[in-house]
1. Which is modelled with pLDDT under 95 and either assigned to a helix (DSSP H, G or I) or touching a Ser or Thr at 6+ places or on another chain (Cβ under 8 Å) (or both), of A:160, A:143, A:152, A:139?
2. For the range A:49-61, enumerate the residues that are more than 12 Å from DNA strand C (Cβ to nearest atom) and either within 14 Å of chain B (Cβ to nearest Cβ) or part of a helix (DSSP H, G or I) (or both).
3. Which residues, taken from the range B:6-48, are touching a Ser or Thr at 6+ places or on another chain (Cβ under 6 Å) and away from DNA strand C (no atom under 12 Å from the Cβ)?
4. Which residue, of A:73, A:67, is over 30 Å from residue B:26 (Cβ atoms), modelled with pLDDT of 95 or more and not in a loop (DSSP other than H, G, I, E, B)?
5. Among the residues of the range A:86-108, write down those that are free of Cβ contacts under 8 Å to residues at least 40 places away in the same chain, within 12 Å of chain B (Cβ to nearest Cβ) and surrounded by fewer than 19 Cβ atoms within 10 Å (Cβ to Cβ).
6. Quick one: which residue in A:12, A:44, A:39 is more than 23 Å from residue A:160 (Cα to Cα) and outside any helix (DSSP H, G or I)?
7. Test each condition in (1) in contact (Cβ under 8 Å) with a residue 24 or more places away in the chain; (2) within 16 Å of DNA strand C (Cβ to nearest atom); (3) among the small types (Gly, Ala, Ser) for residue A:70 and report the one that comes out false.
8. Name every residue in the range B:76-122 that is assigned to a loop (DSSP other than H, G, I, E, B) and more than 16 Å from the chain's Cα centre (by Cα), in order of residue number.
2 protein chains.
Amino acid sequence: MTAEMTTPRERLLDAAERIFSAKGFSATTLRDISSKLSLSHASLYYHFPGGKEELFAAVTERNIMHHGVGLLHSIEAAGTDLRGQLRGAAAWLLSQSPMDLIRMAETDMPALPEHVAKKLMDLVYVQMILRLRQVFQAGVDTGELGPATDAGLMAGAFLGLIESLHSIPEFAVRRSRTDMAFELVEVLLKGLDYSKGGLK
Amino acid sequence: MTAEMTTPRERLLDAAERIFSAKGFSATTLRDISSKLSLSHASLYYHFPGGKEELFAAVTERNIMHHGVGLLHSIEAAGTDLRGQLRGAAAWLLSQSPMDLIRMAETDMPALPEHVAKKLMDLVYVQMILRLRQVFQAGVDTGELGPATDAGLMAGAFLGLIESLHSIPEFAVRRSRTDMAFELVEVLLKGLDYSKGGLK
DNA sequence: GTCTATATAAAGATAGAC
DNA sequence: GTCTATCTTTATATAGAC
């Protein structure tokens, strides 16, 4: 059996993902992508007859799935320990290139046909938000977290926190991002309040 | 004395800000903006001879200053109470249209000349990051927050949290965003850990 | 599968009339 | 100040050769 490392399609998706991630949908041109592969831009239409939109949708769907699967594995690898699960999830997200979910939702999606945008945002919800929500909800169920905890809110907040770490400019990074993420996990769990009760 | 409410330049900036905020720099066209004012796109060059770049830079600078000044006022209005300051800052940021700082930094800025991008990002740092950092640092200095608190990290994290609230789709908003922001302020201060010490 | 060539559309920008 | 007209560039997309 021939065991190929990567298909041409995947190499194309890899290159496209890097550029779409960096510049977003509308600022990226097909020539940006094809030139990285030493191809003419017209050749991209052989692989993705639907052009830029189809390519972006394929890239984004694969990226979301990749993040979701990795999130699931990193959470499962931590067993049932809440802190470990959150640390694992944070470390995984930071090990990947930034998704910029806000730009994706607010800026890129409106440029796509509505049913495509809906499908992709639903995928983000299932693969990322729901999985993190389950982590927080499990914490509530076991009594580790307060019963009033809004697990859905915390899932979104967690993603927002990690994304903000991703966007810290390289020159301003004194500690590793993972280090900072772990500190933020501690803040979420224990709070900043040093005296634990000093604030009413 | 003639006391005009708004200058033509400001009306132009208002319209441009709405569209740039929604679609980002590269997806916005001058015709998008001029049509909202029932102008021809060529007329914009009378007010901003530098074209799209100059207009975007002016819009963004004004927007950052507006956010910074409002942030300062909302913090000062809360007196010396840390919780009140954070709540005030959060409520102010949520009362304004989203800035999408990550997209601004990662996607819009690279499309501008470097010195313009640097000036704008420096302005974000001074007007927004530093002001929030001072709030957290004051909490450390008074002993309200733990001495190991990284005030700079928390400033960025706070902005990330509020921005993530801004991007919750309207149909998914059950409680008000301000309500959720106040809950996140409580989490930052006190943590999610219900038993306060149950997690090692 | 990839190329060259080309069609088509859209956007930034300028010139000059009013 | 705003217009119409036009220039130039750039991008998506298609056609057809190899």
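The values are calculated or read from the model by the stated rules, or taken from the named source; none is laboratory data. Keep in mind that this is a model prediction, so the values were computed, not measured. Note that we place each Cβ from the backbone using ideal geometry, even for glycine, and neighbour counts take in every protein chain shown.
1. Values: A:160 fails: modelled with pLDDT under 95; A:152 fails: modelled with pLDDT under 95; A:139 fails: modelled with pLDDT under 95.
Unique residue meeting the criteria: A:143.
2. Pass one, the range A:49-61, residues more than 12 Å from DNA strand C (Cβ to nearest atom): A:50, A:52-61.
Hits for the range A:49-61 are A:52, A:53, A:54, A:55, A:56, A:57, A:58, A:59, A:60, A:61.
3. Residue satisfying the conditions is B:21 alone.
4. From the options A:73, A:67, the qualifying one is A:73.
5. Selection gives A:105 alone.
6. Working: A:12 fails: outside any helix (DSSP H, G or I); A:44 fails: outside any helix (DSSP H, G or I).
Sole residue among the options that is more than 23 Å from residue A:160 (Cα to Cα) and outside any helix (DSSP H, G or I): A:39.
7. Of (1) in contact (Cβ under 8 Å) with a residue 24 or more places away in the chain; (2) within 16 Å of DNA strand C (Cβ to nearest atom); (3) among the small types (Gly, Ala, Ser), only one is false for residue A:70: (2).
8. B:77, B:78, B:79, B:80, B:81, B:112, B:113
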